[in-house]
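Working notes for the structure below.
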Amino acid sequence: MEKIQSDNLTKIIKKGMRYLVKARNERRAAWILFCLGTFIIILSVLPRFFGLLIAYVSLFENIGAALIIPFLVLKVTEWVSKKEAKIHEEKPEELPPLIKDMESEFLRMGISLSDIWACETSSITGEDFRKSILKADPKRLGEILKNNKVYTAITEKARESKTRLSFKFLFLDPDSEFLTQREINEDGKKSGRLKEEVECTQKVLKAIEEAISVLGSSIEFKYHTYNFLPTISLICVDKRMFIGPYLYGKQGYKTPWIEFSGEEESEAYLEYKNAFEDIWNKVEAQNDSKK
């Protein structure tokens, strides 16, 4: 079952990437033709001005116009249809602004979800910051999280919201063999970094859960670990979704990310959303069976 889930995610990400590469190539080709067509039209002005090659001026203008048309059509089509996807060179946004603007649902899936706790204002960063979280007792952790932007964004959103909110987080099991392999892919060795990051995420999410548990039953806040080959990192806030593939040797936030809109219930958006829900339901069922 785990291999099937992994294969399905791989097929989905490949399909999304093929779609976006094709769209990006079409835009590049249209832009090249537009520049060439514009250049030809500008050149055609000179013969008309000097009275040279008059018989060919109209031909040049028609060729130039024909080359420009695909670019104009593409731009009009994108504007009218509100094209469903965008490509970002790296992870496009931090979590706090997305949480602040959410209306009802926040989904996050990845390997370690280090952006949950690494997005902070403390001068302590990197390895020292990870270790400070892992060693902190409840009181010290509370002091650290006062400077954590995600902690603040979620607790403030939960406190201010008058409607039902749902937060769901999926991250790799800290004892998973896939975590160890991914660590070797990224760091070139078994460094223990990703395991520490996952353990930090667990500790911080538990603290957030405890902080908002007193705010009422209208707040759903859950997190689970999974144990299969990770292929994508996902952020979904209401009808806005970001997908980042896990490429060999690169950390997830440093790879190209795809942004999908769910306003029109696009096929790509629904496939990724269903993939998250399938994994969530499977993991939750497994956890319930252990109780």
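Readers should treat all values here as calculations from the given coordinates under stated rules, not as data from a laboratory. Owing to the predicted nature of the structure, the values given are computational and were not obtained by experimental measurement. All Cβ positions, even for glycine, are placed from backbone atoms using ideal geometry, and neighbour counts span all protein chains on display.
Quick notes on this structure:
- Taking amide H as placed 1.01 Å from N in the peptide plane, Arg240 has its amide H under 5 Å from the amide H of Gly262, each at least 5 places away in sequence or on another chain.
- Taking the number of Cβ atoms within 10 Å of each Cβ as an exposure proxy, the fewest-first ranking of Phe34, Phe39, Phe260 is Phe39, Phe34, Phe260.
- Listed residue pairs exceeding 32 Å between alpha carbons, taken from Lys203/Lys254; Lys135/Lys190; Lys139/Lys254; Lys86/Lys135; Lys131/Lys162; Lys146/Lys282: Lys139/Lys254; Lys86/Lys135; Lys131/Lys162; Lys146/Lys282
- P(r), alpha carbons of the stretch 101-232 - 10 Å bins starting at zero, rounded %: 12, 41, 34, 12, 1
- Less than 5 angstrom separates the built amide H of Tyr223 from those of Phe169, all sequence-distant by 5 or more or on a different chain.
- Compared with the direct C-alpha span, the chain from His88 to Thr180 gains 30.3 nm at full extension, assuming 0.36 nm per residue.
- Neighbour-count ranking [beta-carbon atoms within 10 angstrom, fewest first] of Trp257, Trp117: Trp257, Trp117
- Rg and Dmax of the stretch 178-291, Cα atoms only, in Å: 16.2, 46
- For Glu220 and Lys189, a Förster radius of 35 Å and the Cβ-Cβ distance give a FRET efficiency of 0.35, rounded to the nearest 0.05.
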